[in-house]
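Following: one structure in structure tokens, then a few remarks.
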Amino acid sequence: MLNQEYSIKIAHLYPNLLNIYGDFGNIIALKKRLEDRNITCEVINFSVCDDPYEKINECNVFFIGGGQDIQQNEVAKSLKQHKDFFTQKANEGNVFLGICGGYQLMGEYYKPHDMDKQEGLGILDVYTVASSKRFIGNVSVKLKKEIFDGTLVGFENHSGLTYITSEETKAIGDVIVGNGNNGDDKQEGACKNNVFGTYLHGSFLPKNPKFADYLIFQALKTKYQKEIVLPPLDDKIETLTHESLLRFLS
Ligand code: GLN
């Protein structure tokens, strides 16, 4: 076990609006992997009527799930009011994880099929435009080595096509099976500093325990300004799930 008291606060952004296909499982996975290492974890729900400086200013991890275009539109209006706050938190090196719709709203904008353009936070240099085609199915990904040598598995369900627009923002991996960002460049997700977006539902983190620990490591490093080696966990089941999905998809 760790020989010092550590704690992490997680902000669950708009859980009543963007929480589709079990995305809440990402919060459960992070909380469990922290508490199993005796790292105190508090989860704070943030909604459209909340003030971020009052409610989530001390948070180290910011999570936003996926959802339908209508709910995304409501969230986009709220995010626009708090753009300076979230930009500052991202620039400080706090961890952000956005899934699908939440990922899209961390970019510059999301243009739905039959709705006005939704302005994003701009903490990822990407934009998304809805297509007439919907990508639905299992996905496997080879992580970019700059993150770590590993793989990701999950489930995608989106009509949005996402494109990276700068050198500072990189894809998180190369698609092995599935569509990923746009079904064309064989790239999946995006990252910039400690901001991560992905199309992988599933839930994502329970099936990708190493990536969950990577996010925890980065959040602790930013908060405590040092690298804290995470004690290994007995996560045979999570690892078996990951590997069996990889085999199933190969
Ligand atoms: N509404 C967005 C799309 O269809 C996001 C969907 C989602 O979050 N699963 O691309």
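Candidates are the residues of segment 1-34 that are aromatic (Phe, Trp, Tyr) and either assigned to a strand (DSSP E or B) or at pLDDT below 95 (or both); the one that is nearest to TYR224 (Cα to Cα) is TYR6. For segment 207-236, a tally of residues being more than 22 Å from the chain's Cα centre (by Cα) and assigned to a helix (DSSP H, G or I) returns 1. So which residues in segment 141-163 are under 16 Å from the mean Cα position of the chain (by Cα), away from the ligand (no atom under 13 Å from the Cβ) and in a strand (DSSP E or B)? Correct list: VAL141, LEU143, THR151, LEU152, VAL153. Looking at segment 127-134, can you tell me whether even one residue there is of a type in the set (Lys, Arg) and assigned to a helix (DSSP H, G or I)? Taking every residue of segment 127-134 in turn, none turns out to be of a type in the set (Lys, Arg) and assigned to a helix (DSSP H, G or I).
Within the set TYR199, TYR214, the sole residue that is among the aromatic types (Phe, Trp, Tyr) and either touching a Leu at 6+ places or on another chain (Cβ under 6 Å) or more than 16 Å from the ligand (Cβ to nearest atom) (or both) turns out to be TYR214. Just to check your reading of the model, which residue among ASP50, ASP69 is acidic (Asp, Glu) and over 23 Å from TYR163 (Cβ atoms)? None of the others qualify; the one that does is ASP50. The number of residues in segment 64-73 that are in a loop (DSSP other than H, G, I, E, B) and in contact with a helix residue (DSSP H, G or I) (Cβ under 7 Å, 6 or more places away or on another chain) comes to 3.
May I ask you to verify whether GLN118 is more than 18 Å from the chain's Cα centre (by Cα) and buried (at least 19 other Cβ atoms within 10 Å of the Cβ)? Yes, satisfied.
Taken over segment 155-171, the criterion of being closer than 16 Å to LYS133 by Cβ and aliphatic (A, V, I, L, M) is satisfied by LEU161 alone. Scanning segment 125-140 for residues that are within 16 Å of the ligand (Cβ to nearest atom) and over 20 Å from GLY178 (Cβ atoms) gives a single hit, TYR127. Scanning segment 74-107 for residues that are in contact with a strand residue (DSSP E or B) (Cβ under 7 Å, 6 or more places away or on another chain), within 10 Å of the ligand (Cβ to nearest atom) and assigned to a helix (DSSP H, G or I) yields GLY102, TYR103, GLN104.
The values are calculated or read from the model by the stated rules, or taken from the named source; none is laboratory data. What you see is a predicted model, and the numbers here were worked out from it, not measured in a lab. Using ideal geometry, Cβ is built from the backbone for each residue, glycine included, and neighbour counts are taken over all protein chains shown.
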